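**Student:** Here it is: the structure, laid out below.
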């Protein structure tokens, strides 16, 4: 491959993965990040010395705010209750299939040993069980095989078929519940009329039906390793460096303006939210239908919750629970969420000694994530489902913080919301991250987009 001078705008997980892959190929890589930290939303924040105002400011910069807390958030910060904790910017788990990709990218054989893993569980009355039991798997085995061996042509045929249609056709017995819950968790969208069967099955196949994963030390453990690899390969990461403009000449990206200076590049890669692309590159360079498409895209939302406990039942550690609530006054009527006890494991390193951190989230639309009345409904559902697992949990609670986000995923994977291709209409200008067309959602999508980009550039 001809060695190129490459600029990557944004040090989120997509930008860092692209930087790691391209610097390994010998390209001269420069990453410009507007924030003072790398990782974007895939960041674990050390809460020991951070002030309340700094935390609020950081959340706001990532389309988030604190919706609720217990006790009042000022008291939590004033009394130093967050000392020793690491809290994510939003809720993120990793699909099973992406671990092998990280292993290859990072050249680390023991990636698996640094990852906590869990099957999905569900609480039933006073006991819990696997969300999909061994008996369920046997009953669904023909459909599982069909999914794993289906090619992309089959997925494309299913892209315009809604989950409502698929459930009517195949939703019998436990399969109905699996389709209702998994599709919502995979897309972070509750409205089944908007969810594409093709996207769900494509993502499920990419995840290899292996449950969920979470890195020890939090998501920053992965982003820091990617950054180390970039620097080891001669790359550069510049924080506090917002890109003001992408320079386009003769329909070709030729460089950027940052900190008042112009820099020339052979390739420019954007890892920002695609709806914000035209803030740094003039619309006049793009076809009108492309501008209209990007401006019409919308993201997904959620209400997260972080609970701190003095003790946790040992049988709950390293388990992740899924739940569905029926007939709720929210988009899609039924809503889903997850409550994660992998973060509570002492191996996670997210809590001080003898304390336990439980993280959770519930899916909503971006509009609901900004609506106080809707958020209160979501909060009560999170608390209700936690109480099913830990009765009277408040008697053992140190504190709880509920951040809401209206950009959990930059672009929702729905039938009416088609993610753009990695190649833009501008020569040498590419997109990566969870906003573009790649298998999976969130972190999985971002990492896969970087892999696709690496393959595209390798062919040039």
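Throughout, read-outs are computed from the coordinates displayed, never taken from laboratory work. In this text, all values refer to a predicted model and were calculated from it rather than measured experimentally. FYI the Cβ positions are ideal-geometry reconstructions off the backbone, even for glycines, and counts take in every protein chain you see.
**Student:** Compare the peptides 74-86, 13-25, 121-133 by average per-residue count of other Cβ atoms within 10 angstrom and give them in order, highest first.
**Tutor:** Top of the packing list down: 13-25, 74-86, 121-133.
**Student:** Mind pulling the angle between the C-alpha long axis of helix 13-24 and the longest principal axis of the chain? Nearest 10 degrees, somewhere in 0 to 90.
**Tutor:** 50 degrees
**Student:** Please give the helix 220-232 orientation as an angle from the longest Cα principal axis of the chain, in degrees from 0 to 90, rounded to the nearest 10.
**Tutor:** The two axes meet at around 20 degrees.
**Student:** Same structure again: Of all the Cα-Cα pairs you can form in region 133-206, what percent are over 14 Å apart?
**Tutor:** 59 percent
**Student:** Quick one: Cα centre-to-centre distance for region 162-183 and region 341-419, in angstrom?
**Tutor:** Their Cα centres are 25 Å away from one another.
**Student:** For 357, 116, what's the fewest-to-most ordering of other Cβ within 10 Å of each Cβ?
**Tutor:** Result, fewest neighbours first: 116, 357.
**Student:** Rounded to the nearest 0.05, what FRET efficiency do residue 392 and residue 78 give with R0 = 25 Å and r taken as the Cβ-Cβ distance? Could you check?
**Tutor:** Rounded to the nearest 0.05, the efficiency is 0.40.
**Student:** Starting from the eigenvalues of the Cα gyration tensor, five times each then square-rooted, give me the equivalent ellipsoid semi-axes of region 335-460, largest first, whole Å.
**Tutor:** Semi-axis lengths for region 335-460 are 37, 20, 11 Å.
**Student:** Moving on. Can you give me the relative contact order of region 133-206 as a percent, contacts being Cα pairs under 8 Å and 6 or more apart?
**Tutor:** Relative contact order comes out at 38 percent.
**Student:** Give the average over all directions of the projected area of the C-alpha convex hull of the chain, one decimal, in nm².
**Tutor:** It is 21.6 nm².
**Student:** Relative to the longest principal Cα axis of the chain, at what angle does helix 134-148 sit, 0 to 90 degrees, rounded to 10?
**Tutor:** Tilt of helix 134-148: around 20 degrees.
**Student:** Which whole-number percent is the relative contact order of the chain (Cα, under 8 Å, 6+ apart)?
**Tutor:** 25 percent
**Student:** Let me ask you something else. Bin by bin, in steps of 5 Å, what percent of the Cα pairs in region 1-136 do you find, going until the bin that has the longest distance?
**Tutor:** For region 1-136, the pair-distance distribution reads 2, 7, 12, 14, 14, 14, 14, 11, 6, 3, 1, 0, 0.
**Student:** Also, I was wondering about something else. So for region 18-135, averaging the separation of alpha carbon pairs under 8 Å that are six or more residues apart and normalising by length, what relative contact order in percent results?
**Tutor:** 24 percent.
**Student:** Quick one: give the max-minus-min coordinate of the C-alpha atoms of region 274-352 along each principal axis, largest first, in Å.
**Tutor:** Cα extents, longest axis first: 59, 36, 16 Å.
**Student:** Right, here's the next one. Quick check on packing: order 54-63, 291-300 by the mean number of other C-beta atoms within 10 Å, highest mean leading.
**Tutor:** My ranking of the peptides, most packed first, is 291-300, 54-63.
**Student:** More than 15 Å apart: what percent of Cα pairs in region 293-394 qualify?
**Tutor:** Summing the P(r) of region 293-394 above 15 Å gives 63 percent of all pairs.
**Student:** Run through all the Cα pairs of region 415-460 and give the fraction in each 5 Å bin from 0, expressed as whole percent.
**Tutor:** 5, 24, 31, 23, 12, 4, 1
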